[in-house]
Amino acid sequence: TSTAQQAPLTILALGDSLTEGLGVDKDDNYPAQLEDRLHEMGYDNAKVINSGLSGETSTGLVNRLDWVSQTKPDITILTIGANDAIRGIDVATVEANIRTAVKRLQDNGSIVILGGMQIYDNLGSDYVKSFAAIYPRVAKDMNVTLIPFFLEGVGGDPELNQADAIHPTKEGYAIIVDNNILPVLKPKLEALKTADTDNKTENP
């Protein structure tokens with residue numbers, strides 16, 4: 001039998017262009033940088049699957065869940081909603097879709113980490129507040145770990161974003177991986193590793 005260290009570990013990065021890495025080289029998007037960092041940290045068995053699709057809405061994401069679930073991810077990092085907000089889609093619809101996605105992923109045996117999204121004030125402050133409130137509420141109700149704001153430290157900084165002021169640069173994604181994702185992800189990886197070792201002890 002393989003050791004716990006070698007048991008394959010699949011992380012699904014699921015979302016829109018912020019996940020896909022629109023405008024950066026394929027080695028520079030956050031899933032690719034995250035996989036590199038995990039390997040540096042000794043998680044040689046970690047594979048991060050980039051399932052980001054530019055322009056994706058929460059409805060579109062729910063419609064492709066069966067397909068992406070075939071990867072049987074141990075952990076899913078779900079970051080969706082920005083395109084819904086740009087289109088001004090009803091907040092209740094966005095929340096219902098995110099809840100559906102989380103539940104289906106959990107039912108599939110995946111640990112879900114939800115990337116919180118915030119938008120700028122161009123849609124009126126009520127929408128902006130209601131939209132931002134979706135993520136902590138879903139995380140609390142569904143017992144999901146939350147990255148409070150996926151673009152924390154990067155969003156709004158011209159030096160860390162491309163010319164469109166929406167999509168991070170390679171450097172922006174590096175900050176997102178190190179400061180926003182890894183602190184939340186590391187405890188999950190440790191827990192999986194421990195569970196894996198325990199299982200092997202119980203069932204030699």
Looking at ILE98, is it of a type outside the set (Gly, Ala, Ser), in contact (Cβ under 8 Å) with a residue 40 or more places away in the chain, assigned to a helix (DSSP H, G or I) and within 20 Å of GLY116 (Cα to Cα)?
-> yes
Is it the case that some residue within the stretch 45-59 is in a helix (DSSP H, G or I), touching a helix residue (DSSP H, G or I) at 6+ places or on another chain (Cβ under 7 Å) and modelled with pLDDT of 95 or more?
-> yes
Being within 17 Å of the chain's Cα centre (by Cα) and of a type in the set (A, V, I, L, M) narrows it down to one of ILE98, ILE86, so name that one.
-> ILE98
Considering each of GLY60, GLY23, GLY52 in turn, give the residue that is touching a residue at least 12 places away in the same chain (Cβ under 8 Å), of a type in the set (Gly, Ala, Ser) and within 23 Å of LEU105 (Cβ to Cβ).
-> GLY52
Residue hits (the stretch 142-196; in a helix (DSSP H, G or I), touching a Ser or Thr at 6+ places or on another chain (Cβ under 9 Å) and among the β-branched types (Val, Ile, Thr)) are VAL184
Tally, over the stretch 4-39, of residues that are in contact with a helix residue (DSSP H, G or I) (Cβ under 9 Å, 6 or more places away or on another chain) and in a loop (DSSP other than H, G, I, E, B) | 10
Checked against (1) modelled with pLDDT of 95 or more; (2) in contact with a helix residue (DSSP H, G or I) (Cβ under 7 Å, 6 or more places away or on another chain); (3) buried (at least 16 other Cβ atoms within 10 Å of the Cβ); (4) not basic (Lys, Arg), GLY153 satisfies every condition except (3)
Quick check, is PHE131 out of contact with any Pro (no Cβ under 6 Å at 6 or more places or on another chain) and under 21 Å from ASN50 (Cα atoms)?
-> no
Any idea which of VAL102, VAL94 is among the hydrophobic types (A, V, I, L, M, F, W, C), more than 28 Å from GLU171 (Cβ to Cβ), touching a Ser or Thr at 6+ places or on another chain (Cβ under 6 Å) and modelled with pLDDT of 95 or more?
-> VAL94
Assuming ASP25 fulfils every condition listed in (1) at pLDDT 95 or above; (2) surrounded by 15 or more Cβ atoms within 10 Å (Cβ to Cβ) apart from one, which condition is it?
-> (2)
Collect the residues in the stretch 172-188 that are within 18 Å of ASP44 (Cβ to Cβ) and surrounded by fewer than 16 Cβ atoms within 10 Å (Cβ to Cβ), keeping them in residue-number order.
-> LEU182, LYS186
Listed residues ALA191, ALA132, ALA165; which is under 26 Å from LEU22 (Cα atoms), of a type in the set (Gly, Ala, Ser), without any contact (Cβ under 8 Å) to a residue 60 or more places away in the chain and exposed (fewer than 15 other Cβ atoms within 10 Å of the Cβ)?
-> ALA165
So which of ALA92, ALA139 is open to solvent by 30 Å² or more (accessible area, probe 1.4 Å) and either under 24 Å from THR57 (Cα atoms) or touching a Lys or Arg at 6+ places or on another chain (Cβ under 7 Å) (or both)?
-> ALA92
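The values are calculated or read from the model by the stated rules, or taken from the named source; none is laboratory data. Source: prediction; values computed, not measured. Methodologically, a virtual Cβ is constructed for each residue, glycine included, from the backbone with ideal geometry; neighbour enumeration extends over all protein chains shown. Just the protein is used for accessible areas: all its heavy atoms, side chains included, with ligands, DNA and RNA removed. Shrake-Rupley method; radii C 1.70, N 1.55, O 1.52, S 1.80 Å.
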